[in-house]
Amino acid sequence: MKKHFVLLIIIIFGITLSQNIVKAQSIKLLGSSTLNGAMNGVLVGGATMALQNSNDYRPVEVGLGAGTLYGIGMGAYDMSQIDKGQQFYISGTFNDGTNRSILVLLDTIYGAVGGMLVGSSITLIMQERIEKGLQYGAGAGAWLGMGFGLIDTFMLAEKPTNLQASNNITSQQQSVNGLITYSNANQSIQVGMVNPEFIEQKQLSSKRYSTSYKPSLNVFELKIDL
């Protein structure tokens, strides 16, 4: 019983801390940017392997490390652009997001997919192996997509200082949780990934009633308003 009581106190304390909007927004912004940067680094590392036609995973390792540092830097920069407790929001050429790094990551993915389509089309015309076109197309497209994403987020995207009204709307309508979140401008599509939480389990027997809490991880959450 003492263990359950201590665990309950810890959970209540954690919930109380999570209600601190200023800290929660900052931690979420920095955490999601770090994860986005790490994934971006892995993607461009894989793209480098594809362009080099190599089985050496060293570019992926370097990409993971460099991408993580890049994500931390992007998150810290985003935090410096808004007031404490304010929800960061930015509108890019193709996407809207709650941090800059998600725009770059999505543009990198779009570039890789677009490169695969172009590469496979060229190989079909030239009657070459389609796998070759997919490989080099995806590699080149990922790098081009990342380059455009960086230009988009720092030069073309609408700055968060011009989106104060959107910030207020976003914070009110956001209904998915996670360290990585994405939503379009009108909030009709919302995606949340990597959301740690506790699951409450109740047990009732003839002698006693007990409640236990087990940690869980919600990997993916999608909401679409039609």
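Data table
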{"item": "Single match in 72, 90 (criterion: surrounded by fewer than 20 Cβ atoms within 10 Å (Cβ to Cβ) and either within 22 Å of residue 193 (Cβ to Cβ) or aromatic (Phe, Trp, Tyr) (or both))", "result": "72"}
{"item": "The stretch 79-91, residues that are in contact (Cβ under 8 Å) with a residue 60 or more places away in the chain and either assigned to a loop (DSSP other than H, G, I, E, B) or not small (Gly, Ala, Ser) (or both)", "result": "81, 82, 84, 85, 86, 87, 88, 89, 90"}
{"item": "Filtered residues of the stretch 92-111 (kept if assigned to a loop (DSSP other than H, G, I, E, B) and either within 12 Å of the chain's Cα centre (by Cα) or among the aromatic types (Phe, Trp, Tyr) (or both))", "result": "94, 98, 99"}
{"item": "Filtered residues of the stretch 116-155 (kept if closer than 21 Å to residue 99 by Cβ, without any contact (Cβ under 8 Å) to a residue 12 or more places away in the chain and either buried (at least 17 other Cβ atoms within 10 Å of the Cβ) or among the β-branched types (Val, Ile, Thr) (or both))", "result": "151"}
{"item": "Residue in the stretch 93-115 that is farthest from residue 70 (Cα to Cα), counting only those that are hydroxyl-bearing (Ser, Thr, Tyr) and buried (at least 18 other Cβ atoms within 10 Å of the Cβ)", "result": "110"}
{"item": "Test set (1) out of contact with any helix residue (DSSP H, G or I) (no Cβ under 8 Å at 6 or more places or on another chain); (2) in a helix (DSSP H, G or I) - residue 142 fails condition number", "result": "(1)"}
{"item": "Odd one out for residue 96 among (1) touching a helix residue (DSSP H, G or I) at 6+ places or on another chain (Cβ under 7 Å); (2) touching a residue at least 24 places away in the same chain (Cβ under 8 Å); (3) of a type in the set (D, E, K, R)", "result": "(1)"}
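A short reminder: the numbers here are calculations on the coordinates, not readings from a lab. Please read these numbers as outputs of a predicted model, since none were measured by experiment. Quick reminder, even Gly has a Cβ in these numbers, built from the backbone with ideal geometry, and neighbours come from all protein chains shown.
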